[in-house]
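**Q** Take a look at this one; I'll ask things after.
The values are calculated or read from the model by the stated rules, or taken from the named source; none is laboratory data. Please read these numbers as outputs of a predicted model, since none were measured by experiment. With ideal geometry, Cβ positions are generated from the backbone for all residues, glycine too; neighbour counts draw on all protein chains shown. These accessible areas exclude ligands, DNA and RNA; they are computed on the full protein's heavy atoms, side chains included. Shrake-Rupley method; radii C 1.70, N 1.55, O 1.52, S 1.80 Å.
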Amino acid sequence: MDAERDLAPEPGESTAAELFLRALHAHGIDYFLANPGTDFPPVIEAFARARKSGVPVPRPMVIPHENTAVSMAHGVYMLTGRPQAVMVHVSVGTGNTLNALINASRDHIPLLLIAGRTPLTEGRRHGSRDRHIHWAQEMFDQGALVRELVKWDHELRTPEQAADAVARAMELMMASPRGPAYLMLPREVIGAAARIGNAPLARRAVPATPHPDPAGVEALARAILRAERPLVIASNSGEQPAGVAALARLAERAALPVVEQNPRFLCLPSSHAMHQGYQPGPLLKEADLVLVIEADVPWIPAQESPPEECPVAHIGPDPSFARYPMRSYRSDFAIAGDTATILGALEAQLAALAPAEIARIATRRERLTRRYRELREKWAAESAAAEKAEAITPPWLGRCLHEAIGEDAVVVNEYPLKLEYCPRERPRSYFGLSPAGGLGWGFGAALGAKLAAPDRLVVATLGDGAYMFANPTACHWTSAKYDLPILTVIFNNERYGAVRRATLSMYGEGAAAEDNGRLLADLSPSPAFEKLVEASGGYGERVVLPADLPAALARALRAVREEKRQALLNVICRY
Ligand SMILES: Cc1ncc(C[n+]2csc(CCOP(=O)(O)OP(=O)(O)O)c2C)c(N)n1
């Protein structure tokens, strides 16, 4: 045999790529979201062989932008709790994933990011360099591109480890706190025969989340009992539906007011009487105990804080947010563990309440139930007033959406939707942008959600800026190609509103305020976004007047629900 070709598989032999794909399937990975390059041929050949032989492998899907592919994997996980695989082209494809990967990393979303590696060898070995780019795409340390964002990065060094590498990635990314992993596949290695041994494809047990410290739980339960004005601030605790149920029970039993602060997952049904809205505000200023549940930024110290003597508890899988370089909230209790388990243990401690405490809690419950009603009345009045305004505003758009989409819909919100006007009820019916705020996530995540839940209505609410960051052509194409009809609603204020607000907040009296903060925030003239969806066979409409919105929504929803076409409303908004 030619020594330089001795890694090539003989007829009938499996390649490392084939073993790898089988291992992905065996580990429960359903989708292989791919943006390929010249590093892919062994993987493509392996998929083609699997198609012929019927060997089970994940579903290969070409996704024409890496940011979209990673956001889709993020979206599938949100709905199912199942991690997916994304494969991209070497260094350059990895570079294109970074924004979406930062979002996933900060939100503890496990996904296996795979990248080719430029062929290592320059001779005649099977898979060696045979294109100009193969030299320039080589890097000293490709994994360094993502190392800060992933829990594990590795380069496959030998074909026999293809299945073991999958098992290793899975056990690490699924261990708490979860997060992405990165695996590089050099072309010669993944195209070579996997000769030695019969690598097992069995899943390996994921280490259980550490059980919460019983002494810590008991001490916190005592503090909750003592508190007169406790406050719960939650952001991510609804990642698992069990977290929603556990928080609902605890809040009910102890009459704990809950504020959802910039939630990425619905943490408490909005109709729960203890749901006290989305801003800590006055409840924080008067608190005598704050329970921070999976909330990285429970409040912004420069704007508001609890009283200095108020104890603060942090609970969740990563209560100290270990990957944040600085985060200096007061911390009197820190309990690590699965959130639902911690909340359940707290509730168990509170179960045997003394009569005096029951009376105190009942008084608090009454006060909070009143406040719950007052808040709802205020929000309803605001959105009703917005109906009569000259231009569409977020309260009106939120209200109309709420009335149109129903409880079962999945809302993926990249900023502009205000839950005050579009309250959500069910676990996994609302998802918000990662705290890292990498724009361009919402459209892809909504497509992933639809892939995971084809029978549910999926609505992406995006700013006009966020929509453009999402590579709309790639997203609309993906929607059409894979029959993923979703409704996209653009809150189009023809500007980067957040940038403008930041400028005016720092330089309200400065030169930048003279043109009302338009400089570098102006996105006019706004394109006819409704035409972009039409280019992919979808239904598009531009909506300008508040009174026209309900009927426009009904038409768009008919296109999605009955015609099974994607739809987009370009809603011209003032805010
Ligand atoms: C990838 C990325 N680039 C830039 C930013 C900075 N940024 C934060 S908000 C924002 C404007 C968003 O505009 P739009 O989506 O239209 O929403 P609006 O602020 O107008 O409500 C920008 C550019 C970001 N968060 N992410």
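**Q** Looking at the stretch 467-476, can you tell me whether even one residue there is in contact with a helix residue (DSSP H, G or I) (Cβ under 8 Å, 6 or more places away or on another chain), more than 16 Å from the ligand (Cβ to nearest atom) and within 20 Å of P394 (Cβ to Cβ)?
**A** No - not one qualifying residue is present in the stretch 467-476.
**Q** If you take the residues of the stretch 233-243 that are of a type in the set (A, V, I, L, M, F, W, C) and buried (at least 24 other Cβ atoms within 10 Å of the Cβ), which of them is farthest from the chain's Cα centre (by Cα)?
**A** Restricting to residues being of a type in the set (A, V, I, L, M, F, W, C) and buried (at least 24 other Cβ atoms within 10 Å of the Cβ), the top hit is I233.
**Q** Find the residue count for the stretch 305-324, including only residues that are assigned to a loop (DSSP other than H, G, I, E, B), of a type in the set (A, V, I, L, M) and closer than 23 Å to L283 by Cβ.
**A** The total comes to 0.
**Q** Can you tell me which residues in the stretch 496-516 are closer than 19 Å to Y575 by Cβ, of a type in the set (D, E, K, R) and either touching a strand residue (DSSP E or B) at 6+ places or on another chain (Cβ under 6 Å) or open to solvent by 80 Å² or more (accessible area, probe 1.4 Å) (or both)?
**A** Answer for the stretch 496-516, where residues must be closer than 19 Å to Y575 by Cβ, of a type in the set (D, E, K, R) and either touching a strand residue (DSSP E or B) at 6+ places or on another chain (Cβ under 6 Å) or open to solvent by 80 Å² or more (accessible area, probe 1.4 Å) (or both): just R501.
**Q** Now for a different question. May I ask you to verify whether L519 is within 25 Å of V571 (Cα to Cα), touching a helix residue (DSSP H, G or I) at 6+ places or on another chain (Cβ under 7 Å), touching a residue at least 12 places away in the same chain (Cβ under 8 Å) and surrounded by fewer than 16 Cβ atoms within 10 Å (Cβ to Cβ)?
**A** yes
**Q** I need a count of the residues in the stretch 35-72 that are within 17 Å of S479 (Cβ to Cβ), open to solvent by 10 Å² or more (accessible area, probe 1.4 Å) and out of contact with any helix residue (DSSP H, G or I) (no Cβ under 7 Å at 6 or more places or on another chain).
**A** 2
**Q** Quickly run through the stretch 522-541 and pick out the residues that are of a type outside the set (G, A, S), open to solvent by 70 Å² or more (accessible area, probe 1.4 Å) and more than 16 Å from the ligand (Cβ to nearest atom).
**A** Hits for the stretch 522-541 are K531, E534.
**Q** Here's a follow-up. Pairs, please: C-beta under 8 Å, at least 6 apart or cross-chain, first residue among the small types (G, A, S) and in the stretch 486-500, second open to solvent by 60 Å² or more (accessible area, probe 1.4 Å)?
**A** Note: pairs meeting the criteria are G497/Y575; A498/Y415.
**Q** Since I342 meets every condition but one in (1) among the β-branched types (V, I, T); (2) in a helix (DSSP H, G or I); (3) farther than 15 Å from R249 by Cα, which condition does it not meet?
**A** In the conditions (1) among the β-branched types (V, I, T); (2) in a helix (DSSP H, G or I); (3) farther than 15 Å from R249 by Cα, I342 misses (3) alone.
**Q** For the stretch 413-430, does any single residue satisfy the condition of being touching a Pro at 6+ places or on another chain (Cβ under 6 Å) and aliphatic (A, V, I, L, M)?
**A** no
**Q** Could you tell me whether any residue of the stretch 486-502 is over 25 Å from L433 (Cα atoms) and within 15 Å of the ligand (Cβ to nearest atom)?
**A** no
**Q** Collect the residues in the stretch 398-434 that are of a type in the set (V, I, T) and either more than 16 Å from the chain's Cα centre (by Cα) or near the ligand (Cβ under 10 Å from one of its atoms) (or both), keeping them in residue-number order.
**A** If the condition is that a residue be of a type in the set (V, I, T) and either more than 16 Å from the chain's Cα centre (by Cα) or near the ligand (Cβ under 10 Å from one of its atoms) (or both), then I405 is the only one that fits.
**Q** Say whether the condition of being surrounded by 21 or more Cβ atoms within 10 Å (Cβ to Cβ) and either more than 15 Å from the chain's Cα centre (by Cα) or part of a strand (DSSP E or B) (or both) is met by at least one residue in the stretch 435-458.
**A** Within the stretch 435-458, one or more residues are surrounded by 21 or more Cβ atoms within 10 Å (Cβ to Cβ) and either more than 15 Å from the chain's Cα centre (by Cα) or part of a strand (DSSP E or B) (or both).
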